[in-house]
Structures are given as structure tokens and as C-alpha cells.
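> Here it is, the structure in full.
The numbers here are math on the coordinates, done by the rules we state, and not lab data. All values derive from a computational prediction rather than experimental measurement. No Cβ is skipped: glycine too gets one built from the backbone with ideal geometry, and neighbour counts run over all protein chains shown.
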């Protein structure tokens with residue numbers, strides 16, 4: 001891997017004044033290794049302003065979701081083309097909260113990945129098991145099924161990032177053991193290599209699930225962990241930068 005990706009998912013947090021946190025991240029970018037790429041995905045209301053401010057700073061801006069269509073009668077939705085028009089470079093799709101709260105299926109996620117590619121952006125496709133699925137010994141099976149159903153053909157390291165997020169660890173303060181993370185990321189890598197060949201070996205796999213400054217170095221040191229999808233800790237520049245420096 002040529003670089004590590006630290007991506008911040010702000011979820012439904014942030015107002016216009018939150019650009020101050022972005023300013024602090026930009027100011028601290030010089031303290032982060034050049035081998036670490038920084039990405040912030042704020043709410044859709046902030047993407048354009050953030051992207052304008054972040055131009056040529058080494059901090060990229062992305063969206064948190066998109067509709068599969070280019071345009072149309074989809075009140076409240078936003079297309080990948082609209083995000084590209086705002087200056088976004090990436091779009092998160094298939095996050096567990098979208099799958100759970102909005103009933104998004106693998107087929108829906110797959111269509112959204114295609115839409116992100118259609119707009120010329122990079123898709124961050126999320127997969128992960130619930131606590132019940134892990135306790136039943138089905139964690140790898142569930143994630144492999146999500147990968148098979150959610151990823152279209154033509155995936156490359158240039159257009160796709162995969163984010164593994166154990167659902168039971170998101171926002172709970174709980175994290176899997178290093179062995180759990182290593183095992184799952186190795187399984188994901190195997191699926192990607194079998195399906196996409198050399199491209200599958202180069203696609204970044206992020207870990208997401210209660211990533212914080214005090215556990216970032218350990219998690220980022222695991223084989224096949226090529227970065228992190230950071231939730232709550234990405235809302236504060238000091239925490240986000242501390243995680244990025246661990247990369």
C-alpha cells in the first residue's frame with residue numbers, strides 16, 4: 001500500500017461554525033506523515049463549504065451517502081453527481097446505520113457504488129456483522145456475503161475502499177481484539193483478491209468501530225488494516241489528528 005487513509009464520518013453532526021474544526025485539521029496537516037491521507041465526510045449541508053476551504057490543503061472532503069439515480073423525484077436525496085459538483089472526492093455507502101435505519105440491502109448498496117463511480121468519485125463501501133451474528137459464529141460468512149452482494153465488477157484500488165465495521169463496536173466504546181480484526185481483514189483481503197485479482201490486493205481496507213487516539217496505533221498496525229473510518233473522534237481536530245499521526 002502506498003498510503004494509509006484516515007477518514008472521518010461526522011454522521012448527523014456539524015453546523016456552519018464547525019468549519020473551525022476543519023480549519024484546525026488543515027493547520028495540523030503538516031504534522032501528519034505524508035504517507036497518511038486525510039478525508040472528512042461532513043453532513044451534505046457542509047460538503048460544498050468544506051470542499052472549497054480544503055482545496056489544495058491535503059485534506060479531502062467526501063459525502064456520507066448518495067442516491068443511485070443521477071436526478072429525479074427523490075425528495076431529500078442527493079446524487080453522487082451533486083456531491084462531485086460540491087467538490088467531494090469520496091462517498092461512504094452501505095454504512096451499517098444506513099443498512100439498519102433505512103433498510104438498505106446489498107443490492108441497494110451495489111447500485112450506490114455504481115453511482116459513485118459514474119460520478120467519477122471513490123466509493124467507501126461498508127460491511128460488518130452484528131453482535132448476534134458474531135456470537136452465532138457467522139461473522140465472516142456475513143461479511144463475505146455483503147462483499148459479494150455490495151461490490152460491482154470493475155473494482156480497483158483507484159475507485160473503491162472497503163470499510164469493515166463490526167456493528168456492535170460502533171459508538172459503544174467496545175473494540176474487537178487484535179486477533180479478531182486481523183482475522184476479518186485477512187478474510188476480506190482474500191475475497192477481494194479472489195474476485196478482483198491484483199486490483200483486489202491493492203484495495204484499501206479500513207477498520208471502523210470506536211477508533212480513538214489511544215487504540216489507533218494498535219489497530220493501524222494490524223495486517224491488512226490500511227486505514228480507519230473514524231466516527232465520533234473525527235469531530236474534534238485534536239483527536240482526529242492524533243489518530244492520523246498514528247498511521
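> Which order do the peptides 130-143, 106-119 take when ranked by the mean count of other beta-carbon atoms within 10 Å per residue, highest first?
106-119, 130-143
> Mind running the shape call on region 41-88? Use the C-alpha gyration tensor, a ≥ b ≥ c as the square roots of the eigenvalues: rounded below 1.5 for a/c, prolate if a/b tops b/c, oblate otherwise.
Because a/c hits 1.5 or more and a/b exceeds b/c, region 41-88 counts as prolate.
> Principal axes first, then extents: for the Cα atoms of the chain, list largest minus smallest coordinate on each axis, whole Å, largest first.
Largest first, the chain extends 45, 45, 34 Å along its Cα principal axes.
> Relative to the compact-globule scaling 2.2 N^0.38 Å, provide the ratio for the alpha-carbon radius of gyration of region 143-247.
Relative to the rule-of-thumb radius for its length, region 143-247 sits at 1.07.
> Sticking with this structure for a sec: Mind ranking 232-244, 75-87 by how tightly packed they are, going by the mean number of other C-beta atoms within 10 angstrom, highest first?
Listed from highest to lowest mean packing, they are 232-244, 75-87.
> Evaluate the relative contact order of the chain (contact order divided by residue number), counting alpha-carbon pairs under 8 angstrom at least 6 apart; express in whole percent.
22 percent
> Please give the peptides 174-180, 212-218 ranked by average Cβ packing (other Cβ atoms within 10 Å per residue), highest first, as a rough proxy for protection.
212-218, 174-180
> Ok, one more. Between residue 107 and residue 52, with labels modelled 7 Å along Cα→Cβ, what's the label distance in nm to one decimal, could you check?
That separation, rounded to one decimal, is 4.1 nm.
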